[in-house]
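Take a look at the structure below.
The values are calculated or read from the model by the stated rules, or taken from the named source; none is laboratory data. Since we're looking at a predicted model, the values are computed, not measured. Heads up, the Cβs are rebuilt from the backbone with ideal geometry, glycines too, and the neighbour counts pull from every protein chain shown. Note: areas computed on protein heavy atoms with side chains; ligands, DNA, RNA excluded. Shrake-Rupley method; radii C 1.70, N 1.55, O 1.52, S 1.80 Å.
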Amino acid sequence: MTIAIFGLGYVGCVSLGCLAQNGYKVIGIDVSRTKVDLINAGKPTIIEKEIDRIIAQQHTAGTIRATTDYIEAVSQSEVSIICVGTPSTEAGHLNLDYVYETARQIGSVLKDKTGFHTVLIRSTVLPGTNAKVGEIIGETSGKKLNCDFAVVSNPEFLREGSAVQDYYNPPFTLVGTDSDIAAQIASQLYKRVNGEFIRSYVSAAEIIKYVNNSYHALKVTFANEVGNICKHLAIDSHEVMRLFCLDKQLNISPYYFKPGFAYGGSCLPKDLKALKTIAHDNYISTPVLDAIEPSNDSHVNHAIRLVEKYDCRKIGILGVAFKQGTDDLRYSPVIRVIEYFNGKGYEIRLHDDYVNAAMLVGTNKEYLEQHMPYMEKMMLKSEEEVLNWAELVVLNRKKADDEETISRFKDKQFIDLVRVSETIVPGNVEGICW
């Protein structure tokens, strides 16, 4: 198999050398004559550990070469990999002109070429780019997407300074495509790469790099804010974060990374406020910590707007505690939703298997008496009563028969705050952020 790589910058140069080292013939394409000449002299276009040796070896073996002639390269290849730059505009938007121009070039060659052609997008692009690239290639070539050619979103996870090692040892190899043939070809390309090969939705593959890097930026700033607080308290910040990272059940785990409703309870709000107070008392700026509570509040408001959208006056809520499996109502975010709609004159009925207003004692009893003395009148004895009464039902807990329940009450609108099922067909149910 021969592969054409568009763009001989960081990602393109590393991909060129590593794919050749894995047994493929690779042609690099770049508008820069300097980069083309470097590859054809057996030299890399970048400074990066190991890549100089790999490029030299593969040049000697005759498995790599470079050209400015895209027609020649695409004509002689079965796979094209787009690694061109996606610089930011002055306004901060992503400039995809190079990606789209590459698509036009590929399409113009495919017009007179036979055989299935696979296009992999390695450049970091916005969601929707895959579809646009497919559209451009189809219009330019006259060929049919996923019949004569396919476009695969294949984000890279390379770090400068360890790019070759990262190429061979990624956390996983991800492809997003609607074509089974293209997925199989991509799997073959990466068969000598460690890590799981994952096929996902095109849009998910397009956005994941932005999510990854935004989270990495968040981690750096979070650790630095913790470090500043610790320094002012004469605490070893590196020891604190070492201990933090030892927790693989909650801190470094998928546990909290599931889009859903806002956080609540007695611990998270209280302890976040305490840490912010420590910073404030020591005159330490903590913009990341300060932004957490307003962001959480905005998510509660988002849930309220979502319910309002359907203009139903009889609202049923299943699950009232701050999380399932507890009767703790303190700082439950759904309480704020109840308070809002009660204040607007909506009718509300509630049920929670773990909360029985008539039997509440201690802290919960005090909380209700102070904040929601009217809530007991809203409580019904069973979920079935709520379901039969309501026009719109808010799901704030999960049950095994939720999918059947939603199907049974087709005349009700459901708002899902916890993703009760991954297989529900959209219709009379809408998720808060899915």
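Charge tally for residue 270 (other residues, Cβ to Cβ under 14 Å; Lys, Arg +1; Asp, Glu -1): 0. Within straight-line reach of residue 377, meaning a Cα separation under 15 Å, sit the following aspartates and glutamates at least 8 residues removed in sequence or on another chain: 339, 347, 352, 369, 385. With 24 Å as the limit, the listed pairs 111/191; 258/323; 143/209; 49/219; 113/144 have 111/191; 143/209; 49/219 beyond it between alpha carbons.
In plain terms, the chain from residue 172 to residue 347 could stretch by 58.0 nm, reckoned as 0.36 nm per residue minus the Cα-Cα distance. The mean sequence distance of close C-alpha pairs (under 8 Å, at least 6 residues apart), as a share of the length of segment 139-217, puts its relative contact order at 32 percent. Note on segment 1-96: Cα-Cα pairs beyond 22 Å make up 23% of the total pair count.
Tell me the net charge near residue 48. Cut-off is 15 Å between Cβ atoms, residue 48 excluded, with +1 for each Lys or Arg and -1 for each Asp or Glu. Overall, the nearby charge balance is 0. Placing a label point 7 Å from the Cα of residue 240 along the Cα-to-Cβ direction, the residues of segment 276-296 whose backbone N falls under 17 Å from that point are 276-292.
Largest to smallest in accessible area, the residues 424, 278, 54 fall in the order 278, 424, 54 (1.4 Å probe, all protein chains included). Computed with a 1.4 Å probe over protein heavy atoms only, the accessible area of residue 404 comes to about 90 Å².
Both radii are taken from the alpha-carbon atoms of segment 217-282; with Rh as the Kirkwood radius, Rg/Rh is 0.99.
All Cα-Cα distances of the chain, cut into 10 Å bins from zero to the largest, leave 4, 17, 21, 18, 18, 13, 7, 2, 0 percent in each bin in turn.
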